[in-house]
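What follows draws every value from the coordinates through simple rules; no lab data is involved. Computed from a predicted model, the values in this text were never measured in an experiment. Note that we place each Cβ from the backbone using ideal geometry, even for glycine, and neighbour counts take in every protein chain shown.
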Amino acid sequence: MGRIHILDENVAARIAAGEVIERPASIVKELVENSIDAGASAVSISIENGGLRRIQVSDNGIGIEKEDIPLTVLKHATSKIEKSKDLEHISSMGFRGEALFSIAAVSMFTLRSRPKGAETGNEVRVTGGKVDYIREAGLPEGTTAIAENLFFNTPARLRFLKSVSAETGAVSDIVSRFILGNPSVSFRYSSNGTVIYHSPGNGRLIDALVSVYGKDIRNNTAYADMTFNGVRVYGYIGKHTFYQKSGRNQSLYINGRYVRSDSIRRAATKAYGERMLKGTYPFYVLFIDMPFNEVDVNVHPNKMQVHFRDQGKVEYVVGEAVARAVEGNEQTQVLDISAAASVSALIDDKGESISSEKQNETGHAAYDLKDDKEKDLSNEEKDIIRELLPREKKTDKPEIEQGSLFADDGFAFAENRKDRDAYAAPVKDREEPVPLSGISSAVYIGTAFNTYPIFEMGEVLYLIDQHAAHERMIYDALMADGRVISQQLLIPEIMTFPHDQMLVIEENMEMLAEMGIDAEPFGNLSIRVTAVPQIVGEINIRAFFEDILEGAGDKRNRVRLIKDRVARAACKRAVKAGWKLSEDEIMNILKEITVSGVIPHCPHGRPLAIAITKTDLEKGFKRIV
Ligand code: ADP
Ligand code: MG
């Protein structure tokens, strides 16, 4: 008998599986990706002993049909890919159909699932790759996967593992990246029965950050957002004062997928310029949304590398987005630090202060086109950037004195001293601090520049940004459950789109209708829009749809993100003139501030209000020091 023999199929499977599933964190990653692919809005993850004893991931996603249950644990069984051609357009997280197979090969694996709308669920149990049983089971809708006694049949792999605490840490790290990358999904993560993370899943990125990093992160970060040539970069960057000792707290998502990229890291770091201390790293949670055919995410499950077709362009947008956020943020610190501190002292003692997160998408940020960046761009592109980012703003700012109250560059500041004094004049002096007991104490002072209603409440003046508040109202109204009231168009609008975009529209007709947008196919490549949400008023429908469809090649957006996208587009496109908030509406904003102690933000991250404390004013007037 020769010495060479073919490996038993099962042994081969175990070896291969060990390559996909290196450690508990890889299992968690695969299972959570499946949950997200299944459209779950809530995912619960629990591990025991670093995941070695037990890993459980439950979701409320679409579930798995009875006849598919045994298939899921077979190699190359997937519902996500049909032709090899699809490989070029991968958008769902997993696609190789080998994750569950691999997990089941190296653990005692249980999969329970009840598809949406099905009467009952089913459970399959696999030990070391061999199916023990499949049976019906009473289950909630959704899917639960449990992997127990990991690597019980591959002791060699077990020896490669680090300590239980290191494995736990690796799982926590993976979970945190999912939380940050999926603000619309509520995650609950526990280790040995202790809840580590619990994210609200309310769609707000800042709240996802708070779930992972704690509430101080609000004060330590600034919002960045910039779109250029089809590439949008947005997210939170750490203030330069919030430097890190390692690059651990840097998260990058390309079209929703967590990746690592040294070049993006360098571009982001470089944007801090001299502000960054040597040997320190910036904090960031950044998203790059771009056309699918311009990026290649390496498909190996454990490598998360990316290649861009136009590396220079992406680095450029990242650099500018970060630089502008860093710069804008420095300008506001003059005011915000004391304002935030004193307001938070007034409002609550939980340490939750007025968020000074800030966004520069208004384009007011000072901006210099750096020569080295300019090199790679065409003249046309340079012109576009110049137009986007007015550079003159830098110089025409008044010196910062009391006027610094209005130095926030998202804010129209008074041009000269006289105006500024007049502006501050109506503030009454009070002997006694009035506690912020409720909004009944709010006094309307007037409206500045026809745009910013001013309220005095206790020891604080609030300037409301009507525009931002209005956007927020539209956003909330469209995101709410239930049907949005629509308004018929006098003349229906007919628009033509490329086929892939048409498919996105067709797939989402029903959701659009629920959001108050009535559209119907009009031939193969056109739609006819007959009604829009009443709350948006008159709207440029073409531009509105273009905003919605921007980057629509992203299949993940097709299924889950589109509602948020539509709502954002509606805010952006709603006619901006003549917005007047009713008193009720303003009171609601004030109420929100007093209840949470945090100034709410518009969907683009701009604050709905600016708070100025009496102490700030007194300091400004040198009544106190
Ligand atoms: P892949 O994700 O690459 O398709 P997997 O082995 O991870 O392969 O999963 C196999 C198939 O099982 C998926 O294509 C999907 O149809 C189904 N599946 C796995 N997990 C879930 C889940 N949590 N909810 C719904 N379906 C799931
Ligand atoms: Mg998968």
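Here are the numbers for the structure shown:
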{"quantity": "Around residue 173: net Lys/Arg minus Asp/Glu count, Cβ-Cβ under 11 Å", "calculated": "+2"}
{"quantity": "Global geometry of region 480-534, whether rounded, prolate or oblate, following the gyration tensor of its Cα atoms and the 1.5 cut on a/c", "calculated": "oblate"}
{"quantity": "Cα-Cα over 30 Å, subset of 591/614; 239/313; 66/162; 239/572; 215/619", "calculated": "66/162"}
{"quantity": "Protection proxy ranking of 448-458, 284-294, 615-625 - average other beta-carbon atoms within 10 Å, highest first", "calculated": "284-294, 448-458, 615-625"}
{"quantity": "For region 125-164, with +1 on Lys and Arg beta carbons and -1 on Asp and Glu, the positive-most of 140, 158, 128 along the dipole", "calculated": "158"}
{"quantity": "Dipole of region 472-571, positive end: most advanced residue of 474, 508, 525 [Cβ charges, Cα centre]", "calculated": "474"}
{"quantity": "Magnitude of the charge dipole, region 443-530, Cβ model with Lys/Arg +1 and Asp/Glu -1, debye to 20", "calculated": "260"}
{"quantity": "Net dipole in debye of region 215-323 [+1 Lys, Arg Cβ; -1 Asp, Glu Cβ; about Cα centre; nearest 20]", "calculated": "460"}
{"quantity": "Rounded, prolate or oblate (a/c below 1.5 giving rounded, otherwise prolate when a/b exceeds b/c) for region 110-230 by Cα gyration tensor", "calculated": "oblate"}
